[in-house]
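Everything below concerns the one structure shown next.
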Amino acid sequence: MTDRPVRTRYAPSPTGNPHVGNIRSALFSWAFARSRGGQFILRIEDTDRLRFVEHSVEAIMESLRWLGIDWDEGPDVGGPFGPYFQSQRLEHYRAAAETLIERGRAYRCFCTPERLEQLRAAQAAAKRPPGYDGLCRGLNPAESARRAASEPHVVRFAMPREGTTVLQDVIRGEVVFENALQDDFVMLKSDGFPTYHLAVVVDDTAMRITHCIRGDEWISSAPKHIQLYEALGWERPAWAHLPLILGPDHKKLSKRSGDTALLDYRDRGYLPEAMVNFLALLGWALDDHTTILGVEELTRHFDLARVVPNPAVFDIERLNYLNGHYIRAMEDTRWEELVAEWADRGLPASIPRPLDRAVLRAAAPLLRERVTVLSEVADLIAFLFTDGTPPYDPALLAEKAGDAATAARVLEAAITALDGIAPADWQKEAVEAALRGLEGVLGLKLRKFIPALYVAVMGRPTGIPLFDSLVILGRERTLGRLRAAQALVG
Ligand code: GLU
């Protein structure tokens, strides 16, 4: 099975915006194909029409594109094994179901929803596991064919009732399933749509998928798929079930612990390279020490043999760290572009556009050290784009200085010192010297009195470096804000 040219796929169901865990499967599938010089296919598994969510397909493609994951075949680009929407491939599933019925490996089931409900209730009452009891399995084929013409029915797979089904998983090794515990699952629904199990097997075969790489939550489906391959006489792909992703509390990843839509991370100001790096290491490692790694290394070195079977832990702090790393590592020009973009997105509409490029450029290097996610940019530099006093609670001045009297003293001393700088000398060195000089005047350490100055100038007790900020803000605006603050504490 593995001497064929490698072809992997990502086969999402269009049930909304793909979440990070799901995209990790796409990334690993893609990276594996690329590392082997193989092909990567995008297939939309849209046979469950009740769960269909409008615009999911766009969101799926946008998520992949954002991370730089490209596909060789798919719903938009087509390809030799299309169509790539399962809803457009119904005849393939029907044909497979027919074949299996003819071979006696599948059967039509005419049981009504009411009967199945009663069966479930009886099983629950008897504390037995739920499952179909096989009533229609014994129907004679001629009678079954006759009833099929007029009666609604599904097609069920006739699971072997004895023995075991063995999965040789690339990551998990050998996993053995008892056939007696398997259900005669529905392959084809009464509306003619296949269930996931039939569709995935038919399409992975038709699309010549060599490696089926997917999340661990699908491992319980593997025996059904293996039996389908067996019954159809088709060559199986290799299976690789990726480790679960757990939250930091080591519980199943939930919305609260980080399992949100991938694009939410983009919209909160995470960089695609940080996300790729982060996802790549959720269950895989290049070696025992590399923590920073890019798409290039991933697609060159990715190997299923280095995926660990035990669960990976989703740690947002790790993602934050990586985002900060990539922010600091990028070229100046790209950083300036990002600052301009996020300032434009985040600053209030009351600030006239276009924003002053010179100010943005001057602020960009100051922001680099302070920003973890890009959505923080606007708040940190808003004070540079307004003329009046930034909005803040006057009580904050006293609180940050220790008390109101100290705040008044700090502001008075700062105004005197800064006012002493001639307009032509308003540069970082002079501003810094003036403010550091206050340590002696006030008998206070810089870190004690500087927060009150931050509040006066920026409206917040911390922010981008103050001395540089005052230079960008200019002498008059700086003094104006300090005087306004003085009036507020006075
Ligand atoms: N349609 C399934 C999903 O939504 C695909 C599972 C598989 O990769 O086989 O994840």
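A short reminder: the numbers here are calculations on the coordinates, not readings from a lab. Just so it is clear, the structure is predicted and the values come from calculations on it, not from any experiment. Cβ placement follows ideal geometry from the backbone for every residue including glycine, while neighbour counts extend to all protein chains displayed.
Based on alpha-carbon centroids, what's the gap between the range 461-490 and the range 257-304 in Å, whole number please?
The range 461-490 and the range 257-304 have Cα centres spaced 41 Å from each other.
For helix 56-67, what angle does its Cα long axis make with the longest principal axis of the chain, in degrees from 0 to 90 and rounded to 10?
Helix 56-67 sits at roughly 60 degrees to that axis.
Relative to the present Cα-Cα distance, how much length would full extension add between residue 264 and residue 395 at 0.36 nm per residue of separation?
On the way: separation 131, 0.36 × 131 = 47.16 nm, distance 3.55 nm.
Net length gain for the segment: 43.6 nm.
Check residue 132: other-chain or 5+ apart residues with amide H under 5 Å from its amide H, H built from backbone geometry?
Placed amide hydrogens put 184 under 5 Å from residue 132.
Please arrange 287, 48 by counting, for each residue, the other beta carbons lying within 10 Å of its beta carbon, fewest first. Numbers along the way, then the final one.
Numbers: 287 8, 48 18.
Listed from fewest to most nearby Cβ atoms, that is 287, 48.
For the pair residue 148 and residue 425, how long in nm is the line joining their label points, each one 7 Å along Cα→Cβ?
9.7 nm
Would you mind ranking 224, 252 so that the residue whose beta carbon has the fewest other beta carbons within 10 Å leads the list? Numbers along the way, then the final one.
Values: 224 23, 252 14.
Sorted ascending by nearby Cβ count, the order is 252, 224.
Nearest 10 degrees, 0 to 90: what angle lies between the long axis of helix 196-206 and the longest principal axis of the chain (Cα atoms)?
90 degrees
Excluding residues on the same chain fewer than 8 positions from residue 445, give the aspartates and glutamates whose Cα lies under 15 Å from its Cα.
The qualifying aspartates and glutamates are 432.
Give the long-range amide H neighbours of residue 169: residues separated by 5 or more places, or on another chain, with amide H under 5 Å away, using H modelled in the peptide plane at 1.01 Å from N.
Close amide H contacts, sequence-distant or interchain: 174, 175.
Give the list, by residue number, of cysteines in the chain with no other Cys Cβ closer than 4.7 Å, or say none.
Unpaired cysteines in the chain: 111, 212.
Describe numerically, in nm with one decimal, the distance between label points set 7 Å from Cα along Cα→Cβ at residue 316 and at residue 121.
Taking the simple label geometry, residue 316 and residue 121 are separated by 4.5 nm.
Starting with the fewest neighbours, write out 66, 342, 71 ranked by other beta-carbon atoms found within 10 Å of each beta-carbon. Intermediate values should be presented prior to the final figure.
Values: 66 18, 342 21, 71 24.
Going from sparsest to densest Cβ surroundings: 66, 342, 71.
Can you tell me the orientation of helix 404-419 relative to the chain, as the angle in degrees between its alpha-carbon axis and the longest Cα principal axis, to the nearest 10?
70 degrees
Residue-wise, which Karplus ³J(HN,Hα) couplings in Hz belong to the range 339-353, taking 6.51 cos²θ - 1.76 cosθ + 1.60, θ = phi - 60°, and x for glycine or proline?
For the range 339-353, the Karplus curve yields 4, 4, 5, 6, 5, 4, 5, x, 7, x, 5, 5, 7, x, 9 Hz.
Measure up 189/224; 400/448; 189/252 against 20 Å on the Cα-Cα distance and list the ones that go over. It would help to have the intermediate numbers written out before the result.
On the way: 189/224 16 Å; 400/448 8 Å; 189/252 31 Å.
The pairs that break the limit, which is 20 Å between Cα atoms, are 189/252.
Read phi for every residue in the range 300-310 and hand back ³J(HN,Hα) as whole Hz from Karplus 6.51 cos²θ - 1.76 cosθ + 1.60, θ = phi - 60°, with x for Gly and Pro.
So the J values, rounded to whole Hz, are 7, 10, 4, 8, 4, 5, 9, 7, 8, x, 7.
Counting other Cβ atoms within 10 Å of each Cβ, which GluC sites (Glu not before Pro) in the range 257-345 have at most 14 and sit in a DSSP loop?
331
Ignoring everything except DSSP H segments at least 4 long, calculate the 222 nm mean residue ellipticity for the chain; use -39,500 (n - 2.57) per segment, divide by total residues, nearest 500.
Numbers: 21 runs with 225 residues, N = 490.
Computed mean residue ellipticity for the chain: -14000 deg cm²/dmol.
Roughly how big is the chain's charge dipole about its Cα centre, with Cβ charges of +1 (Lys, Arg) and -1 (Asp, Glu), in debye to the nearest 20? Display every interim value, and only then the final one.
On the way: 59 positive and 66 negative charges, 159 e Å.
With only Lys, Arg, Asp and Glu charged at Cβ, the dipole is about 760 debye.
Kindly write out, for the range 126-138 in residue order, the coupling ³J(HN,Hα) from the Karplus curve 6.51 cos²θ - 1.76 cosθ + 1.60 (θ = phi - 60°), rounded to whole Hz, with x marking Gly and Pro.
These are the phi-based 3J(HN,Hα) values: 8, 6, 9, x, x, x, 6, 8, x, 3, 7, 4, x Hz.
For residue 313, list long-range residues whose amide hydrogen, built 1.01 Å from N in the peptide plane, is under 5 Å from its own amide hydrogen.
Answer set, sorted by chain and number: 246.
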